[in-house]
Amino acid sequence: MAQESLFEQLKHPNPNLRERATWELVETRDENTIPRLMAVLDQEDTTYRRAAVKALGAIGVDSVPPLVDALLNSDNGTVRSSCAKALAQVAVNYPEVPFPTEGIEALKTALNDYNPVVYIASAMALGVVGLPALDSLLEVLKETDNPALG
């Protein structure tokens with residue numbers, strides 16, 4: 001199936017079709033796949049946005065650099081929280097692959113985001129990363145004034 005068709009399938013109401021499209025995108029990805037998925041993260045369509053998060057996580061560590069960049073630099077809270085969730089998906093899908101340090105550091109930084117959806121998603125993602133992120137998570141939890149994280 002062509003990339004364009006797969007991106008359309010990510011919007012489909014049937015979760016089985018979205019799941020299949022996700023993994024086909026991973027298998028057939030090219031240099032435009034990650035940037036196109038990143039562009040979906042600010043879409044109003046929740047189904048489409050969540051499918052993009054899942055696909056970025058399914059791609060794995062190659063998705064980490066653009067996810068980190070958007071997590072730390074986007075003005076859009078939805079994009080930032082989606083990036084944190086996609087980073088969690090990378091950890092879930094590839095537990096045998098060491099999670100990139102830049103991802104852990106970005107999630108740690110995002111724990112100080114003013115948007116509660118972003119910092120809660122970041123805390124969840126660090127929890128999913130597990131042991132490699134434990135020191136970072138504990139350090140932030142000791143220092144935070146945020147009652148949602150304390």
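Odds and ends about this structure:
- Residue match in segment 75-87 (condition: under 20 Å from Glu19 (Cα atoms), in contact with a Gly (Cβ under 7 Å, 6 or more places away or on another chain) and hydrophobic (A, V, I, L, M, F, W, C)): yes
- Segment 4-21, residues that are of a type outside the set (S, T, N, Q), part of a helix (DSSP H, G or I) and under 14 Å from Asp45 (Cβ atoms): Phe7, Glu8, Arg18
- Residues (surrounded by fewer than 16 Cβ atoms within 10 Å (Cβ to Cβ) and closer than 13 Å to Ala52 by Cα) located in segment 21-35: Trp23, Pro35
- For segment 93-108, the count of residues that are farther than 17 Å from Asp62 by Cα, surrounded by fewer than 20 Cβ atoms within 10 Å (Cβ to Cβ) and not aromatic (Phe, Trp, Tyr) is at least one.
Throughout, read-outs are computed from the coordinates displayed, never taken from laboratory work. Just so we're clear, the structure is a prediction, and the values are computed from it rather than from any experiment. Every residue, glycine as well, gets a Cβ built from its backbone with ideal geometry; the counts of neighbours run over all protein chains shown.
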